[in-house]
Amino acid sequence: MEKKTPSQDLELLTEIAVAYYQDEITQEEIARKFGISRIKVGRLLKRAKEEGIVEITVRYHPVFSTGLEQQLIDRFPQMQRALIALDLQDADEQRRQVAALVSGYLEQTLKENSVVAVGQGRNVAAVADHPGQVPTRNCHFISGIGGTHRPGDAINADHISRRLAKKFGGISETLYAPAYVENRALKEAFMQNGTIKETLDRARKADIALVGIGDMNENSYMVKLGWFTPHEIIDASLNQGVTGDVAGYDFFNSQGQHVDTVMNDRVIGVSIDELRKIPCVIAIASENTKAMAILGALRTGAIDIIATTAQNIRTILNMTK
């Protein structure tokens, strides 16, 4: 038998995939049509997925998403909403999907002259970067945490605030302070500065806050920034029971209780106690490794809306039965 060229091989895979997925011909009928075994048809269909000829997309019905949301709100009555994204394998696409939900929510709910306190990180940045035509709202976006000059400036609160202001219309306000200082005394010195104090006071009185939820792992954003060493992360997780953080520095355990870490009194920004006083705090966590961190964050009582994946929500529901 003449051996097929790679091009002919792909043509066969495509033809069989179209017959099965588009024309809805059974595998038995395909086997008879092409003179091959039923088992080989199954193998070829698997190869068609591996070669990227076939991409399977499953979209949750709104009723399914609403059902998960209601179950979560039943467990955490303080919650206003759960924005639940489809589970995807690609981390970047997953982040974009979660960001799209948050962006859409803001488009519907932001009012003229709303004040938004803005956190840092990739998930919050993705909201600002989500494309789309957005009506001008003349909002005030304020950095809720200082900045850093290390790699990753695009996910500083200041840069995110600027992009949100451009997207939704309005102005952005920089917190002219570092996010992290070496000790408590230095932080207190910064907090005496009138410009810093006034900006934080405005952020504390925001209508909405956008923050990320972090988990404790050696590859975390905080390790890359130099805020923690990998050893300190492991110690905080294993020996102190830390499961996550809100906004980059308020650390808690799985019960939502505050845990002292080396970061205590060393970060300049809106604290979790201050977030509790903001009417709508939207926390974003697109990674499917963050279910335990999200659970702890919800138990702090500071989160009003969670934006994450269906897998994380299902895991949290299973953990809180």
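For the condition open to solvent by less than 40 Å² (accessible area, probe 1.4 Å), modelled with pLDDT of 85 or more, under 15 Å from the mean Cα position of the chain (by Cα) and farther than 30 Å from Glu198 by Cβ, Thr308 qualifies.
Condition check: on the phi < 0 side of the Ramachandran plot and either of a type in the set (S, T, N, Q) or open to solvent by 10 Å² or more (accessible area, probe 1.4 Å) (or both). Does Ala85 satisfy that? The answer is no for Ala85.
Checking each residue of the range 222-236 against the condition of being in contact with a helix residue (DSSP H, G or I) (Cβ under 7 Å, 6 or more places away or on another chain), in contact (Cβ under 8 Å) with a residue 40 or more places away in the chain and either buried (at least 16 other Cβ atoms within 10 Å of the Cβ) or within 30 Å of Lys111 (Cα to Cα) (or both) gives no match. Only one entry of Gly104, Gly121, Gly132 meets the criterion of being within 18 Å of the chain's Cα centre (by Cα) and at positive phi, and that entry is Gly121. Within the range 166-176, restricting attention to residues that are at negative phi and surrounded by fewer than 22 Cβ atoms within 10 Å (Cβ to Cβ), the residue that is farthest from the chain's Cα centre (by Cα) is Tyr176. On the stretch given as the range 294-305, residues that are out of contact with any helix residue (DSSP H, G or I) (no Cβ under 7 Å at 6 or more places or on another chain) and surrounded by fewer than 24 Cβ atoms within 10 Å (Cβ to Cβ) total 5.
Taking every residue in the range 240-266 that is touching a residue at least 40 places away in the same chain (Cβ under 8 Å) and pairing it with any residue that is open to solvent by 30 Å² or more (accessible area, probe 1.4 Å) and assigned to a strand (DSSP E or B), at least 6 positions away or on another chain, the pairs with Cβ-Cβ distances below 7 Å are Phe252/His258; Arg266/Tyr180. Residue-level check: of (1) open to solvent by 50 Å² or more (accessible area, probe 1.4 Å); (2) of a type in the set (A, V, I, L, M, F, W, C); (3) touching a strand residue (DSSP E or B) at 6+ places or on another chain (Cβ under 9 Å), Ala154 misses just (3). Here the range 281-306 is the region considered, the condition is being in contact with a Ser or Thr (Cβ under 8 Å, 6 or more places away or on another chain) and outside any loop (DSSP other than H, G, I, E, B), and the residue that is farthest from Leu186 (Cα to Cα) is Ala291. In summary, Ile208 fulfils each of the numbered conditions (1) aliphatic (A, V, I, L, M); (2) in contact with a Pro (Cβ under 8 Å, 6 or more places away or on another chain); (3) more than 26 Å from Ile313 (Cβ to Cβ) with the single exception of condition (3).
Here is a yes/no grid of residues against (1) closer than 20 Å to Ile196 by Cα; (2) in contact (Cβ under 8 Å) with a residue 12 or more places away in the chain; (3) not hydrophobic (A, V, I, L, M, F, W, C):
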{"position": "Ala85", "(1), (2), (3)": "no, yes, no"}
{"position": "Val98", "(1), (2), (3)": "no, yes, no"}
{"position": "Leu106", "(1), (2), (3)": "no, yes, no"}
{"position": "Glu112", "(1), (2), (3)": "no, yes, yes"}
{"position": "Val115", "(1), (2), (3)": "yes, yes, no"}
{"position": "Val124", "(1), (2), (3)": "no, yes, no"}
{"position": "His130", "(1), (2), (3)": "no, yes, yes"}
{"position": "Asn138", "(1), (2), (3)": "no, yes, yes"}
{"position": "Lys167", "(1), (2), (3)": "no, yes, yes"}
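Residue count for the range 22-45 under the criterion of being open to solvent by 90 Å² or more (accessible area, probe 1.4 Å) and part of a helix (DSSP H, G or I): the result is 8. Being open to solvent by less than 50 Å² (accessible area, probe 1.4 Å) and either basic (Lys, Arg) or under 23 Å from Tyr176 (Cα atoms) (or both) is a property that does not hold for Val259.
Within the set Val116, Val98, Val102, Val124, the sole residue that is more than 30 Å from Lys187 (Cα to Cα), out of contact with any Ser or Thr (no Cβ under 7 Å at 6 or more places or on another chain) and open to solvent by less than 10 Å² (accessible area, probe 1.4 Å) turns out to be Val102.
Scanning the range 177-208 for residues that are open to solvent by 40 Å² or more (accessible area, probe 1.4 Å), modelled with pLDDT of 95 or more and in a loop (DSSP other than H, G, I, E, B) gives Asn193, Lys205, Asp207.
The values are calculated or read from the model by the stated rules, or taken from the named source; none is laboratory data. Since the structure is predicted, the reported quantities are computational estimates derived from the model, not experimental observations. Heads up, the Cβs are rebuilt from the backbone with ideal geometry, glycines too, and the neighbour counts pull from every protein chain shown. Side chains are part of the model used for accessible areas, which takes the heavy atoms of the whole protein and leaves out ligands, DNA and RNA. Shrake-Rupley method; radii C 1.70, N 1.55, O 1.52, S 1.80 Å.
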